[in-house]
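Here is the structure we will look at, set down as C-alpha cells.
The values are calculated or read from the model by the stated rules, or taken from the named source; none is laboratory data. Keep in mind it's a predicted model, so treat the numbers as computed, not measured. Ideal geometry is used to build each Cβ from the backbone, glycine not excepted, and the neighbour counts take in all protein chains shown.
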Amino acid sequence: MDYLYGLAQTIGVHTILGLSAYVVLQTGQVTMAQAAFYAVGAYVAAMLTTVWGVNILLAIPAAAAVACALAGLAGFPALRFKGLMLVVATMALGEAVREFFFNFDYQIAKGDLKVGPAGAEGFRQIRYFYERGWTTAEVAGFIWVFVIGIMALLWWMDRSRIGAVLRAVGEDELAAQSVGINLTAVKVSAFALGGAIAGVGGALYAHYTTHVEHTAFGVVMATFAIAYPILGGLSSVFGTLIAVLFIQGLLIQGLPILIGGELRNLLFGLLILLAMNIRPRGLIDERVARMLRGLFVRSRNA
Amino acid sequence: MVLIQAIIDGILVGTTYALIGIGFTLIFGVMHKLNLAFAAASIAGAFLSLIVWQNLKWLPVPAVFLIAALGAGVLGYVIYVACFRFIPLKSPLATLMATVGMLIFLDEVVTHVSDGKAQDYPGMLPTARWVLGPLDLRVDYLLVFAISVVAMLLLLALLFRTRLGIATRAVAQQPVAAQLCGISLDRTNAATFVISGVLGGLAGAMIGSSAELLSNLLPLQLTVKGLIVTVIGGLGSIPGAVVAGLLVGAFEKGLETWSVLARDLCVMLLIFVFLVAKPAGIFGKLNVRD
Amino acid sequence: MLELKGLSKHFGGVRAVDGLDFAVREGEIVGLIGPNGSGKSTTVNLICGVFPVTSGGIAFRGRDITRAPPHVCLALGIARTFQNIRLFNELTVWQNLWVAQNSAKHRKQRGFLGRWVGGRGEARRSVERHLEFSALAKKRDELAGNLSFGEQRRLELARALAAEPELLLLDEPAAGMNAEEVGQLADRIRSLQGQGKTVVLVEHVMELVMGVTERIAVLNFGRKIAEGSPSEIQANRAVREAYLGTGAKI
C-alpha cells in the first residue's frame, strides 16, 4: 500500500511539473527552463523549512513567489527569441541555474548536524515530513491537494477568456496583436505563472524526496516538463495528467518490475519517439478535447 | 605565456566543437529544424568504436576513429527516420520532442555502456610534443586540428563540387522548387543526416582521443556546447559554426587557467551576451521560420 | 480623423511607400486602390503599427500613432482585416470574437479582472450581436479552421468589428467572392457607415470600390497618383496608365 502512496506522490509532483509548462507552451513559447524554476522552488522551500524552521504552509507560497518573480524577469528577454532560439536560450538558462546550485553552499549547524545545501553534494536532510510524523498517505494527500488546486485553476482558465487569449497568442501573434492583445503582457505573465507553478512543484518535490541535488534539475527534467503537456495535448489539463500517469505510472515504475534494471530514461526516450510519430499533436488534441467536453458539459460556449 | 598557450590549445581543440556546430547547423539549414540528438549521436558513435576497440585491441587507431565516424553516420540516418521522416512538417513541436526523446535514449545507452564512468580511449601520440619557440604544442592537439580541418574541407568540397552538395543546398533554399526539379527530398535529407553524423562521429572520436578518455557525461555536455556554438555562429551558417567553435574552444581553455568554475560560468555568460546582443549570431540571418 | 503625412517605408532599396499624403474624414468610406505592389497593404500595415515607419507621420484624431504598436492602435479604435485571412483556427467562432474585445471602451466597462474572466452578460451579448450581424450564429461552436471560405471571410470581418472600432481598415475583403457575395459585402459596409464607423477599403474588385466608396486614392509604386470621386478616378488617364500601362488603347 505504501508503494502506491509513493507512486501517487511521484505522479502528483510530476503532474505539477508538467502543468508548469502547460500555460507557457500554450502561448507558443517552448521553454526548457521549467526545471530551473522547479529547482529554485525546491531549494527555497527546503531552506525555509530546514534551515530557518518555517512552516511548510508558508514555505511553499514563498518558494512559488520567488520562482514566479524570477520567471517573470526571465520572461522579458525571452520575448526576443522566436521558436527554436527560445529553446536554446531557455536550455542555457536551465544549465546556468543548475551550475549555480552546483556551487551553492549554505550550511548551518543544528545540533551536531549540518543542514543546508552543500554544493555538489546537494541538499540533504529535508526532513520536515518525517520530523512531524506524517505518513506516506498524508504526504500523498497533501501533494494532491495542490495538484487538484492547480489543475482546477488551469482548467477554469482554459474555459475563460484568458485561455482563449493565451491560445490566440500561441497560434498567431500578428493576428493577436491586431485584435488588441498585448503580447508582452500575455507572454511574460504566462512565463511568470509557469514559474509560480514550478515553484510549488519544486517545493513539494524537495520535501517528498528529502534530498535534492543539482543533477536532478538538468535537461532530462526540463524535458519531462514539456513532454507531459506536449504528449498529453495542449487542449486539456487532463491530457497532462494522463501523460504523467502513463509515463511514470506504467512505463517507468511498472515495466522495470517486469524487465528489471534502471531502464526508465531509456523507455522514456523511446516512448517520446513513438508518441511523436503516432500522434504529433498529443494524446488529447483539440478535436478530442472538444469531444470530451461535449460529453460532460452541455454549455453553449466552448 | 601560459594563457597564450592555453588559448592556442583551445583553438586547436575548438575545431571539434566547430564540427559539432557544423553538424547542427547543416541539419538546421536543410530542414529548418534542430536535431537536438546530434551531439549525443556523435558520442554514441565514439562509444561504439570504443567497444569495438576494447574487443579488437589489434585495430589500428585510425580504424577506430573511422568506426566512430561511420557508426555516427548510421545513427544519423536512424535519427532521420525516427524523428523527421514520418512527422508532418506543420508540427514543429513534435519533431523537436522526438529529437529530445532520442537524445535521452542515446544518453541512457551511453550511460549503460560506459557503466556510469569515463572509459579509456586511444590517443594519438599523447606524449609527443612540438616545441616551437616559447610554445610547447601537443602533437595530438595538432593532429586533431589537422584532421578536423581536412574534414571541413572535404565537406565544403562535397557541398560545392558534387551533385549531392548542390541538391542539399537547393533543398535548403527552396524545398518545393527542388522537388519540382526532380530532387528527391527524402534522399537528400537522409544524406544530410548521414554526412553530418559522420562529421559528428569524427568529432566525438577526436574529443575522446585528445583526452584519452571518453566521458559518459559527454552527450549532454556536448549538446549544450554544440548549441552554444551553433547559436553564436548563427543558425544555418557553416563559417559561423567554424568561427564560433574556435572562439568557444579558445575561451574555454583560456578560462580554465583561471578556474573551472569561471570557465563554466563564463561560457554561459557568453551565450547570453550573444543571444541578447546578436540573436542572429555572427553570420546568421534572423529569418528563422519556426 | 486619420492623417498620413509624407509616410514612407523602405525595405532596403525598395520604396514600398514613398512620401504618401492621405487624409480620411470621419464617417467616410474611402477607397485605396492601385496595381499589385503599389503599397496598399504596406500602408495598412504601417497605420496599424505592424511595420516600423521609415519616415513621415500618422495621426489619428490628432494623436500621433506613428510608433504605436498594433494593440495600442486597436485600443484607440482602429481595427483591420487581413488580405489572407488570419483567423485563430484552433479557436471556435465564438472565441475568435471573444478575444477581440480589447478597445478602450471595453477596458473601461469591465476593469482588469472582469475582462480577463470574460464577463457575463454584456460581453456575451455583444458577441451574440456580432454573430447575428455576420450570420454566423449557428456556427458559434465550430472551430474557425473548419468553416467554409465565405464563412471565414465573414468571421474575419466580424472579429474586427467585435473590437468596436471607429476606423475600419479592410484589406481586400472581396477577394475570391462572386457577384452576389460582393453585393452583400457592399451592403454590410454601407450599414457600418450607418453605425457611424469610418471605413478605408483597400481593394482590387472594382465593382465594390466604385459602388461603395465616396472618395478614392490611387497608389502606384508607393506614391499617390490620383485622388477623387469614383467617377473622377474612372476617367483619370494616369490611373488607367498605371493599371494598363501606357500605349493601351481602350
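Just to verify a result, which residue in the stretch B:85-134, among those that are at the interface with chain A (Cβ under 8 Å from one of its Cβ atoms) and aromatic (Phe, Trp, Tyr), is farthest from residue A:220 (Cα to Cα)?
So, considering only residues that are at the interface with chain A (Cβ under 8 Å from one of its Cβ atoms) and aromatic (Phe, Trp, Tyr), the one farthest from residue A:220 (Cα to Cα) is B:86.
Every residue in the stretch C:54-99 that is polar (S, T, N, Q), in a loop (DSSP other than H, G, I, E, B) and farther than 20 Å from residue C:129 by Cα, please. Walk me through it before giving the result.
The first filter runs over the stretch C:54-99 and keeps only residues polar (S, T, N, Q), leaving C:54-55, C:66, C:81, C:83-84, C:89, C:92, C:95-96.
Subset that is in a loop (DSSP other than H, G, I, E, B): C:54, C:66, C:81, C:83-84, C:89.
Matches in the stretch C:54-99: C:54, C:66, C:83, C:84, C:89.
Test each condition in (1) more than 14 Å from residue B:36 (Cα to Cα); (2) of a type outside the set (A, V, I, L, M, F, W, C); (3) surrounded by fewer than 22 Cβ atoms within 10 Å (Cβ to Cβ) for residue B:221 and report the one that comes out false.
The one condition residue B:221 does not meet is (1).
Might you check whether a residue that is assigned to a helix (DSSP H, G or I), touching a helix residue (DSSP H, G or I) at 6+ places or on another chain (Cβ under 7 Å), modelled with pLDDT under 90 and at the interface with another protein chain (Cβ under 10 Å from one of its Cβ atoms) occurs anywhere in the stretch A:191-208?
no
Checking residue A:80 against (1) under 18 Å from residue B:271 (Cα atoms); (2) under 22 Å from the mean Cα position of the chain (by Cα): exactly one of these is not met. Which one?
Single failed check for residue A:80: (2).
Restricting attention to the stretch C:145-175, which residues are more than 22 Å from residue A:182 (Cα to Cα) and not assigned by TED's automatic domain parsing to the domain that holds residue C:192?
C:145, C:146, C:147, C:148, C:149, C:150, C:151, C:152, C:153, C:154
Give me the pairs: first residue in the stretch A:252-278 and modelled with pLDDT of 80 or more, second residue among the hydrophobic types (A, V, I, L, M, F, W, C) and not in a helix (DSSP H, G or I), beta-carbon distance under 7 Å, and six or more apart or on different chains, which are they?
Sorted first by the residue in the stretch A:252-278, then by its partner, the pairs are A:276/B:87; A:277/B:86; A:277/B:87.
For the stretch C:150-171, how many residues meet the condition of being within 17 Å of residue C:193 (Cβ to Cβ) and not aliphatic (A, V, I, L, M)?
Here the count works out to 3.
Would you mind finding the one in C:62, C:56 that is touching a strand residue (DSSP E or B) at 6+ places or on another chain (Cβ under 9 Å), surrounded by fewer than 17 Cβ atoms within 10 Å (Cβ to Cβ) and not assigned by TED's automatic domain parsing to the domain that holds residue C:145?
Only one candidate qualifies: C:62.
Go over the candidates A:31, A:10, A:27, A:15 one by one and state the one that is under 24 Å from residue A:246 (Cα atoms), within 14 Å of another protein chain (Cβ to nearest Cβ) and among the hydroxyl-bearing types (Ser, Thr, Tyr). Give the steps one after another, and end with the answer.
Numbers: A:10 fails: within 14 Å of another protein chain (Cβ to nearest Cβ); A:27 fails: under 24 Å from residue A:246 (Cα atoms); A:15 fails: within 14 Å of another protein chain (Cβ to nearest Cβ).
The unique qualifying residue is A:31.
Filter the stretch A:169-184 down to residues that are within 8 Å of chain C (Cβ to nearest Cβ), part of a helix (DSSP H, G or I) and over 23 Å from the mean Cα position of the chain (by Cα) and give me whichever is surrounded by the fewest Cβ atoms within 10 Å (Cβ to Cβ). If you could, list the steps in order and put the result at the bottom.
Narrowing the stretch A:169-184 to residues within 8 Å of chain C (Cβ to nearest Cβ): A:171-172, A:174-183.
If we keep only those that are part of a helix (DSSP H, G or I) too, we end up with A:171, A:174-178, A:183.
Subsequent filtering for residues that are over 23 Å from the mean Cα position of the chain (by Cα) retains A:174-178, A:183.
Details: A:174: 13, A:175: 22, A:176: 28, A:177: 22, A:178: 28, A:183: 17.
Here the answer is A:174.
So, in the stretch B:228-266, exactly how many residues are surrounded by 21 or more Cβ atoms within 10 Å (Cβ to Cβ) and touching a Phe, Trp or Tyr at 6+ places or on another chain (Cβ under 7 Å)?
13
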